[in-house]
Structure formats: C-alpha cells, structure tokens
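Colleague: Below is a structure I'd like to ask you about.
Where a number appears in this text, it was derived from the coordinates with a stated rule and is not lab data. All values derive from a computational prediction rather than experimental measurement. Positions of Cβ are backbone-derived with ideal geometry, glycine not excepted, and every protein chain shown enters the neighbour counts.
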C-alpha cells in the first residue's frame, strides 16, 4: 500500500520541522507548503494538516489574503478529504473567535472559540484526556502537551472526541466529525501519545 500524502500548511508561526517529522514517523509522505504557495499547488494531497500557534485574527487575515481559506474549505467540504487541525489550526476551523478582535473563522465546524478566564491562562503543559467521549482515535486516558489561551466550544457536542482540564476548567480538547479531526494539543510535542493519535488517524482514513 502506498503511503498517503500529507500537505502541511506553513503559517510561519509554528515549529514545522517537528510537525513534519512526527507526521513522517506516523507513515505519511509530507509536503510542507508556504501559505503563499498553497493556492497554486494543491492538487495531489490525501490529507491536509493545518498547524499553528499565534493570533486567530492575524492568521485568518492571511488565509483570506492568499485564498487559502477557500482551498481548505474545498478540501474538507467539497472533496471530503481528511483534514487535521492542530492547536490554532483546530480553532480556525470554527465559526468565530473572540480573541483580541471578534473574527470569522473557516466555518467548517459549527461553534465558537473563547478565551479562558484570565486567572488560568495560558494553559501550558501536560493535560490528560480524562473524559473520553468517543474512543475511535484515543482509546484510553493519555497525556498531551498543550500551549493555548483559548478553547473551542462546538455547537454539537456529539462530535467531541475528548475533554481535558485546565485546573478545574473542563474544555473540549479534540474533535472528530466525519473527515475532520481537530486537536487542541500538540501531537508533535506529546511523545508516544502524540504519535499514537497520528498513526490512528492514518489507520482510520487510509486502511
């Protein structure tokens, strides 16, 4: 069986090298593409990886500027190909965010991105998936590395894969909806647990 091709969109705000190596170790062929190149060269990928850290408003502005927003929507909604959103990449898939300036997102997933209460942000470090809602990609309690000040609130909680805690504040930490996977944590920084979920994504969509 051929290895599936993963196109990683480089937003210029994350450690692309670590992400690329983790994706490769999980059994994918990778193609890292600068945000300015995506619209011109987006024909031969099996799965789209949207990683990122940074400001929701600034990144959405660039996605729109270079037409990448339409490329992502076409990939996920029209072609129905798998997509993986990581950290900010997860948040961008939703309808809107209240970070700094209220900003419209990609609207691939219904819901909003909200900020943690000031006293518990940012959330940095290892959190467990203590509340596993579904078990197709994460089969047991596992630990993942988080760096974020905002969290996603999906309109339909049936798509929530896992929940985690920032102190006593419970939040959605991953989502699975048909061909769409989104994780608030960083698989590339989460050791064997991160690699496990990436390998499970490959098994689910590319048997």
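Colleague: Quick one: length gained pulling residue 153 to residue 165 fully straight, 0.36 nm per residue minus the C-alpha distance?
Modeller: Length difference between fully extended and current span is 2.9 nm.
Colleague: Can you pull the one-decimal nm distance between simple spin-label points at residue 118 and residue 29, each 7 Å off the Cα toward Cβ?
Modeller: Rounded to a tenth, the inter-label distance reads 5.2 nm.
Colleague: Looking only at 91, 167, 24, which one moves most when the chain is put into a Gaussian network model with springs between Cα atoms under 10 Å?
Modeller: Comparing 91, 167, 24 in the GNM, the peak value goes to 167.
Colleague: Additional query: Have a look at 78, 160, 175 and tell me which one the Gaussian network model of the chain (Cα, springs below 10 Å) gives the largest fluctuation.
Modeller: In the Gaussian network model the winner is 78.
Colleague: Roughly what % antiparallel, to the nearest 5, for the DSSP beta bridges in the chain?
Modeller: Taking every DSSP beta bridge within the chain, about 60 percent pair in antiparallel fashion.
Colleague: While we're on this one: At a Förster distance of 35 Å, what's the computed FRET efficiency of residue 128 paired with residue 70, Cβ-Cβ distance as r, to 0.05?
Modeller: In this case the efficiency is close to 0.40.
Colleague: Grab the DSSP H runs of the chain that are 4 residues or longer, score each as -39,500 (n - 2.57), total them, divide by all residues and round the 222 nm result to the nearest 500 deg cm²/dmol.
Modeller: -6500 deg cm²/dmol
Colleague: So, one more: Along each of the three principal axes of the Cα atoms of the stretch 5-205, give the extent in whole Å, ordering the values from largest to smallest.
Modeller: So the extents along the principal axes, rounded to whole Å, are 45, 37, 29.
Colleague: Taking the Cα-to-Cβ direction at residue 200 and at residue 2 and moving 7 Å from each Cα, how far apart do the two end points lie in nm?
Modeller: Modelled inter-label distance: 2.8 nm.
Colleague: Follow-up. Between residue 36 and residue 80, what is the label-to-label distance in nm when each label sits 7 Å out along the Cα-to-Cβ direction?
Modeller: Spacing of the two 7 Å Cα→Cβ label points: 3.7 nm.
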